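Participant: Handing you this structure, nothing more for now.
Just so you know, all these numbers are worked out from the coordinates, no wet-lab data involved. Please read all numbers here as calculations on a predicted model, not as lab measurements. Here the Cβ is made from the backbone with ideal geometry for all residues, glycine too, and neighbour counts use every protein chain on show.
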4 protein chains.
Amino acid sequence: MVARVASLLASLGCDIRAAEVYGDADTGSFFGRTEFDSPIGLESVCNKFFPLAQDLRLDWDMKDLDRKVRVLIAVSKFGHCLVDLINKQELGQLPIEIVGVVSNHEVMRKTVEWHGLPYHHLPMSEGKEAQEARFIEIIHETGAELTVLARYMQILSDAFSVALAGRCINIHHSFLPSFKGAKPYHQAHVRGVKLIGATAHFVTGDLDEGPIIEQDARRVDHAATASDMIAIGREIEASVLSRAVGWYAEHRIIQNGNKTVVF
Amino acid sequence: MVARVASLLASLGCDIRAAEVYGDADTGSFFGRTEFDSPIGLESVCNKFFPLAQDLRLDWDMKDLDRKVRVLIAVSKFGHCLVDLINKQELGQLPIEIVGVVSNHEVMRKTVEWHGLPYHHLPMSEGKEAQEARFIEIIHETGAELTVLARYMQILSDAFSVALAGRCINIHHSFLPSFKGAKPYHQAHVRGVKLIGATAHFVTGDLDEGPIIEQDARRVDHAATASDMIAIGREIEASVLSRAVGWYAEHRIIQNGNKTVVF
Amino acid sequence: MVARVASLLASLGCDIRAAEVYGDADTGSFFGRTEFDSPIGLESVCNKFFPLAQDLRLDWDMKDLDRKVRVLIAVSKFGHCLVDLINKQELGQLPIEIVGVVSNHEVMRKTVEWHGLPYHHLPMSEGKEAQEARFIEIIHETGAELTVLARYMQILSDAFSVALAGRCINIHHSFLPSFKGAKPYHQAHVRGVKLIGATAHFVTGDLDEGPIIEQDARRVDHAATASDMIAIGREIEASVLSRAVGWYAEHRIIQNGNKTVVF
Amino acid sequence: MVARVASLLASLGCDIRAAEVYGDADTGSFFGRTEFDSPIGLESVCNKFFPLAQDLRLDWDMKDLDRKVRVLIAVSKFGHCLVDLINKQELGQLPIEIVGVVSNHEVMRKTVEWHGLPYHHLPMSEGKEAQEARFIEIIHETGAELTVLARYMQILSDAFSVALAGRCINIHHSFLPSFKGAKPYHQAHVRGVKLIGATAHFVTGDLDEGPIIEQDARRVDHAATASDMIAIGREIEASVLSRAVGWYAEHRIIQNGNKTVVF
C-alpha cells in the first residue's frame, strides 16, 4: 500500500516532503499521512488517486495545506482558551481561520469584537433545542469545518454530538478519565492529587468519553487550593487545546475507534 | 502555636534548621514540621515538649533523623521497584534500613539474598488469612515501622489495611484516580490516553483510594502498545515510590484526612 | 531566631498563617518568610519588630499582602509575555497593579491601550542614554516597585542594571546558562537539543547571568525548526515569567548571592 | 525516492510495518527509516536494494531487527546507569546483548559478574595510551557494535573518539550545552538553576559537543544541595541513557551533521 501510494504520487510529479505510517496490531488497521508538493492541482491528484484508493479500499482524504481550516469557537464565561487560540492565530502559529465565536453569554463579546471577529450570542433561555439548532445553523453559514469548545460549559445533546462527529474538539479541564463531569478541579482538590491536567478530545455522545487527542499535566502540592488549581489549569488547558487544534488544522489526527493517531 | 513551639525549642538550646507550616483553610487544621539540632537527647526534648503539646492539643510526634526507619518490602513477581529501593538504599540516597522482603512468589529470592537481605516466601496457597497473619508476624518480628508494597499484587484484607493504617505505602501503576484496579496499563491503552502515570499512596481499606503521597506521569503516543506502557511505567513507578518512601523516612508526610501534606 | 520572631508576632496578637525557613549550609545564611494576620497596622508591627531585627542582625522587610505590587512592563515587538501578564492580572491570578508599559516600538500600543493601560514609546533613536534616563523617570513617576522585561530586546547599561538591582526581572528565551545572548532558539536549533526552555532571572550588569528565579523546559524533536521552537517557546516564556512575577508580588523571592530562595 | 524504495520492497514481497521520513530544509538532506517483514533473507533484500540505492545515491544500511545489537558498557565507580541497562536488558526492554563491561576500577566487578557478564578491569595505571589500546582490543574481541559510556569518567583521546565515531554513546550528567566538563551538578548548584538534566550524545573528539540523542530535566529548588542534585540526577541519567541505547538498538537514530534524527 505504501509502495503503491508513493509510486502514484511520484508518477504525478509530486514531491513527498513527509510521510508516516502506523499499523495498529490490535485491530489490523493501518494508518498513514503523506505530505507532498504537487505540480498539478489538488483536484487532479484526487482524481488520479481515486481508483487506487478504491482498489486498496482506503478510507482517505486529501487536503490543501495552504488553505486554512475554518474554525468556529464556542465559549461560555471563561475566555482564556479562546483568547489563546485568537492570539496564536494572529501570531501565525495556528493555520486556521477563525470564522466566529458562539457563546451562551455576553462576557467575551467585547474582546472578540476587538479582534475583529463575529460574536454570536446564543442564550440558553431560548431552550436547549432551539439554541443548538441556531448553533448548527451558524456552523453551516460560516462554513466551519471544525468547532472548538473552548470552555463551553453546556452539555451537548446526542443529536448535536453525532452531527459534529470528528469535527468538534472539546477541552476538558482534567486529566481524563479522572474527574469527568462538573468541577474537575474541585474533585481533584478533594481527592488530593499531586498532578492536575487537561484533555483535548473529540466530542461524542458520551460526555468526556470521546477519543483523546492531547493531554498534559503539571505538579501541584498540598498547599494548592481549588482556586490555585483553576489558575494553574488555565495554562494547561490553553496549551493542550491549541496543540490539538493545530494538529487538526495540519490534518495530523486520524480517529482509530475511540482513540486517535496523531502523526 | 508556632511561637510557643519555637520558643520552647529555643529555651532547650535547640537549633532550628528547617521549619514549615501549612493551614488547611477547608478544615481549619494546621500542620507543621520542624527540624532541629538538640544538645539534649530526644527523650528529654519529648518530655519537655509533652505539656506544651497537651496544652496546644497537638497531634504530634518527634523522631530522631539519624535513626533510619525500618522498612519491610513486599513484592510479587515484578522486582523493578524493589531493586530500585535496594539500590538507592545502598547508595545512601534513602535513609532507611531494609529489614527484609516478603513475597508470595520465589522469583525475587536470588536477587534479594545476593543483596544480603532476608527473604520471606509467603505463598497464597496457605490461604489468604494465614498468609496475612504470617505477614503481620514478620512485621512484628522485624520491627518494621513501614511496609512498602512494591508491586505486591495481592488485595489486602480490611483487617490488614486497618492494622497498617498510615504505616503502609503502595505503588499503583496508574495516575489515580484513573484506572483503579487490575491491569491499569491495559486500561490506559484501551482508553488511548496520551500520558501514563503512577501513584504512591497510603494503603486503606478502600482499594486504590488511600491518601496520595506522590504521582508522576510521562508522555506516550498512539504507537505505544500496552507492553511499551508497562516498560515506560516501570521507571515512573520506581521513581514515584522511592520519593514517597524517602519522604516517609524523613518524616515529611502528614495525613490530612484522605489527603497528605508533604513538607 | 525563629523562636524570637514567632514569639514577638504572637505577643502582638498576630496569627501566623504560613512560615518557611531555609539555611544555606554553604554560606551559613539563614532565610525565612512568615505570613501572618495582624490586629494592628503594618507600621505598628514594623516598629515593634525593628529592635528585635536589629538585635538579631536581620536583613528584613515587611509587606502588606493586600497591597498590590506596582509593576511596569517593558516590551519590544513580541507581545506574548506582556499579553499573558495583562490577562492573568485581569483574571485576578496575579496580585499586581500594572502601572504602564514601556516600549522601544509602537507595535503593542493598540493592545495595551485597549486594556486601559498607559503606553510609553521610548524609541532608541533618541540615543541609549537619553532613552534609559526617560525609562528611569517613568519608573519614578509611576512608582513602579518592579520592572518586568517581557521580551524587551535591548541590552541595558550597567548603570540601569545597578539602579534596578533586585527590582527588575527579565525573561530569557533559553534554558540558562545554555544559549546566552542573541537568538537563543536559533542557537538551540543549530546545537540540536531535545528540550528547549526559558529562564526568568533578576537583571544584573552581567547579561543573562543574574540570579535565576524560575525555569521550565519542553521537548522538541529533530523536525522542529527554529520557528517551531520560537512558537513552542512562547508558552514556556509566558508561563515562567508569570510565575516569577507572581512570586515576587507575593514576596516569596529572596536573593541569596547569585541565587534565589523561593518560598 | 520514497516511492522507489517502497516499490522495490513491495516487489520483493516485503510488508512495510512502519515508515517515517524527514527532510532537513536547512541542508537539503532527506532521511528515512522503513521497518518491514520480508519473505526472503536480509542479504537477498540488500542485494536487490543495492543498485537502487546507488542510483538514488543513498547513504543507507539495512539491519535485522531480530538480531540484538552487541553492546559493550564502560563504567568507572558509579554504577547506576550500568545497573539500569543490565536490568532493562534482563527484563526484555532493551533489544541488546551486553557482551561485557570495561572499567578503570574494580568497584562494579561483583555486581557485573553476579549478572553473568564478563568484567574487564583496565586500570589507568598502565598509561592512557596502553589502556585505550586494550579497550579497543576488547571492542574487537567481543564484536561490540556499540560502546556505551555509562558514567565512564575518563576523557577519551581523539584517536579513540574518531575510531568509535557513531558507535559510542556517552551520558553527560547535565543538560548540555550547560555545564560541560567536570562536576556538572556542582556547577549547576553554584549557578542556582531550577532544573537539572542529563544528555545522551554520540562521542566525538570535542568533549561534550557530540550530536545529542536524548535529554531530560527535572525540577529542583533552592534547598537542593549538590548531593541532592546528584541523587535526583541518577534517575534522569539512567532514564535518558537507556532510551538512547534502546533507540540505537532499534536503529532509529541517524546522524545529521552534529545533530540527530530519531525516528
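Participant: Please list, ordered by chain and number, the residues whose modelled amide H lies under 5 Å from the amide H of A:T260; skip anything fewer than 5 residues away on the same chain.
Facilitator: Amide H neighbours of A:T260, under 5 Å, 5+ apart: A:I212.
Participant: For peptide A:76-82, what's the mean number of Cβ atoms from other chains within 10 Å of each residue's Cβ? Don't skip to the end; give the middle numbers.
Facilitator: Working: counts 0, 0, 1, 3, 5, 0, 0.
Across the residues of A:76-82, the mean count of other-chain Cβ atoms within 10 Å is 1.
Participant: Can I ask one more? Around C:I230, what is the net charge, scoring Lys/Arg as +1 and Asp/Glu as -1 over all other residues with Cβ under 13 Å from its Cβ? Spell out each step's value before the answer.
Facilitator: Details: positive: A:K88, C:K77, C:R151, C:K183, C:R218, C:R234; negative: C:D228, C:E235, C:E237.
The answer is +3.
Participant: Considering only DSSP beta bridges with both partners in chain D, what is the antiparallel share in %, to the nearest 5? Could the numbers behind the result be given before it?
Facilitator: Details: 23 of 40 bridges.
Antiparallel bridges make up about 60 percent of those DSSP assigns within chain D.
Participant: Sort C:M1, D:M124, B:M229 so the one with the fewest other Cβ atoms within 10 Å of its own Cβ comes first.
Facilitator: Details: C:M1 16, D:M124 13, B:M229 21.
Ranked by crowding around the Cβ, least crowded first: D:M124, C:M1, B:M229.
Participant: What number, rounded to the nearest 500 deg cm²/dmol, is the helix-based mean residue ellipticity at 222 nm of chain D, given -39500 (n - 2.57) per DSSP H run of at least four residues and division by all its residues?
Facilitator: Working: 8 runs with 95 residues, N = 263.
It comes out at -11000 deg cm²/dmol, rounded to the nearest 500.
Participant: Another one. Under the definition of partner shielding as Cβ atoms of other protein chains within 10 Å of a residue Cβ, what is the mean value for peptide D:86-93? If you can, show how the numbers build up before the last one.
Facilitator: On the way: counts 0, 8, 4, 0, 1, 6, 2, 8.
Average neighbour count from other chains, rounded to a whole number: 4.
Participant: Same structure again: When chain D is turned about an axis onto chain B, which of its residues keeps its C-beta closest to that axis, and how many Å is it?
Facilitator: Per the Cβ-to-axis criterion, the result reads D:W114, 3.
Participant: Tally Lys and Arg at +1 and Asp and Glu at -1 over the other residues with C-beta under 13 Å from the C-beta of A:A249: what net charge comes out? Mind dumping the intermediate values first?
Facilitator: Values: positive: A:K63, A:R67, A:K68, A:R70, A:K88, A:R167, A:R243, A:R252; negative: A:D64, A:D66, A:E97, A:E145, A:E250.
Result for the local shell: +3.
Participant: Moving to a separate point now. Estimate the FRET efficiency between D:R17 and D:W114 by the formula 1/(1 + (r/R0)^6), using the beta-carbon distance for r and 35 Å for R0, to the nearest 0.05. Mind dumping the intermediate values first?
Facilitator: On the way: r = 38 Å, r/R0 = 1.07.
Here the calculated transfer efficiency is 0.40.
Participant: If you project the alpha carbons of the range C:71-219 onto the principal axes, what extent comes out on each, in Å, largest first?
Facilitator: In descending order, the Cα extents are 44, 36, 26 Å.
Participant: While we're looking at this one, here's another question. Taking a cut-off of 12 Å between Cα atoms, list the aspartates and glutamates near D:K180, but don't count ones fewer than 8 places away on the same chain.
Facilitator: Within reach: D:D206, D:D208, D:E209.
Participant: Under 20 Å from a point 7 Å along the Cα-to-Cβ line of A:R67: which residues of the range A:121-145 have their amide N that close?
Facilitator: A:139-145
Participant: Less than 12 Å Cβ to Cβ from B:E132, Lys/Arg counted +1 and Asp/Glu -1: what total charge do the surrounding residues give? The partial results should precede the final answer.
Facilitator: Values: positive: B:K128, B:R134; negative: B:E126, B:E129, B:E137, B:D158.
Charge balance in the 12 Å sphere: -2.
Participant: If you don't mind, another one. So how strong a dipole does the protein assembly as shown carry about its Cα centre when Lys and Arg Cβ are +1 and Asp and Glu Cβ are -1, to the nearest 20 debye?
Facilitator: Values: 108 positive and 136 negative charges, 1 e Å.
Dipole size: approximately 0 debye.
Participant: Using a 7 Å offset from Cα along the direction of the beta-carbon, what are the separations from C:S29 to the same position in each other copy, nm, ascending?
Facilitator: In nanometres, ordered from closest: 3.6, 4.6, 5.8.
Participant: Let me ask another. Put a label point 7 Å from Cα along the Cβ direction on B:H186, then list its distances to the equivalent points in the other copies in nm, shortest first.
Facilitator: Ordered by distance, the counterparts are at 3.7, 5.2, 5.4 nm.
Participant: In addition: Each residue of the range D:85-96 in order: what ³J(HN,Hα) in whole Hz does its phi give by Karplus 6.51 cos²θ - 1.76 cosθ + 1.60, θ = phi - 60°, with x for Gly and Pro?
Facilitator: Calculated HN-Hα couplings, in order: 5, 4, 4, 5, 5, 5, 7, x, 7, 10, x, 10 Hz.
Participant: Sorted from fewest to most neighbouring beta carbons within 10 Å, what does the list A:Y185, D:Y248 look like? Kindly include the intermediate steps, with their values, before the conclusion.
Facilitator: Values: A:Y185 22, D:Y248 25.
Listed from fewest to most nearby Cβ atoms, that is A:Y185, D:Y248.
Participant: So if I average 1/r over every pair of distinct C-alpha atoms in chain C and take the inverse, what Kirkwood radius in Å does that give?
Facilitator: Numbers: mean 1/r = 0.0501 Å⁻¹.
Kirkwood hydrodynamic radius for chain C: 20.0 Å.
Participant: Nearest 20 debye, what's the magnitude of the dipole of the range A:2-56 about its Cα centre given +1 on Lys and Arg Cβ and -1 on Asp and Glu Cβ?
Facilitator: Working: 4 positive and 8 negative charges, 35 e Å.
The calculated dipole for the range A:2-56 is roughly 160 debye.
Participant: Provide an ascending nm list, one decimal, of label-point separations from A:L117 to the equivalent residue in each further copy; define each label point as 7 Å from Cα along Cα→Cβ.
Facilitator: 2.1, 5.5, 5.5
Participant: Would you work out which of C:L52, C:H172, C:F263 lies farthest towards the positive end of the dipole of chain C? Charges go on Cβ: Lys and Arg +1, Asp and Glu -1.
Facilitator: Going by the charge dipole, the pick is C:H172.
Participant: Take C:C46, A:C14 and order them by how many other Cβ atoms sit within 10 Å, fewest up front.
Facilitator: Numbers: C:C46 13, A:C14 19.
Exposure proxy ranking, most exposed first: C:C46, A:C14.
Participant: Right, next: Excluding same-chain residues fewer than 8 positions from B:K63, which lysines have a Cα within less than 27 Å of its Cα?
Facilitator: By straight Cα distance, B:K63 reaches A:K194, B:K48, B:K88, B:K259.
Participant: Gap in Å between the Cα centre of the range B:41-55 and the Cα centre of the range B:185-263?
Facilitator: About 37 Å separates the Cα centre of the range B:185-263 from the one of the range B:41-55.
Participant: Sequence gap at least 6, Cα distance under 8 Å: using those rules, report the relative contact order of the range B:166-263 to the nearest whole percent. Before the final figure, lay out each step's value.
Facilitator: Numbers: 168 pairs, mean separation 27.9, N = 98.
Value for the range B:166-263: 28 percent.
Participant: Separation between the D:S125 and A:L91 pseudo-spin-labels, each 7 Å from Cα along Cα→Cβ, expressed in nm?
Facilitator: 6.0
Participant: Percent of Cα-Cα pairs more than 20 Å apart in the range C:2-56, please.
Facilitator: When all Cα pairs of the range C:2-56 are counted, 27 percent exceed 20 Å.
Participant: Could I ask something else about it? Any idea which of C:F36, C:C14, C:L72 is furthest toward the positive side of the dipole for chain C, if Lys and Arg beta-carbons carry +1 and Asp and Glu beta-carbons -1?
Facilitator: C:L72
Participant: I've got another one for you. What average number of partner chain Cβ atoms lie no more than 10 Å from the Cβ of the residues making up C:193-200? Walk me through the numbers on the way to the answer.
Facilitator: Working: counts 7, 15, 9, 0, 6, 0, 3, 1.
Other-chain Cβ atoms within 10 Å of each residue's Cβ, averaged: 5.
Participant: Taking the Cα centre of the range B:69-262 as origin, sum charge times position over the Cβ atoms of Lys and Arg (+1) and Asp and Glu (-1), and report the length of that vector in debye to the nearest 20. Walk me through the intermediate numbers first.
Facilitator: Numbers: 19 positive and 22 negative charges, 106 e Å.
Charge dipole of the range B:69-262: 520 debye, to the nearest 20.
Participant: Hey, could you grab the Kirkwood Rh for the range B:9-142? Inverse mean 1/r over distinct alpha carbon pairs, Å, one decimal.
Facilitator: After inverting the pairwise mean of 1/r, the radius is 18.3 Å.
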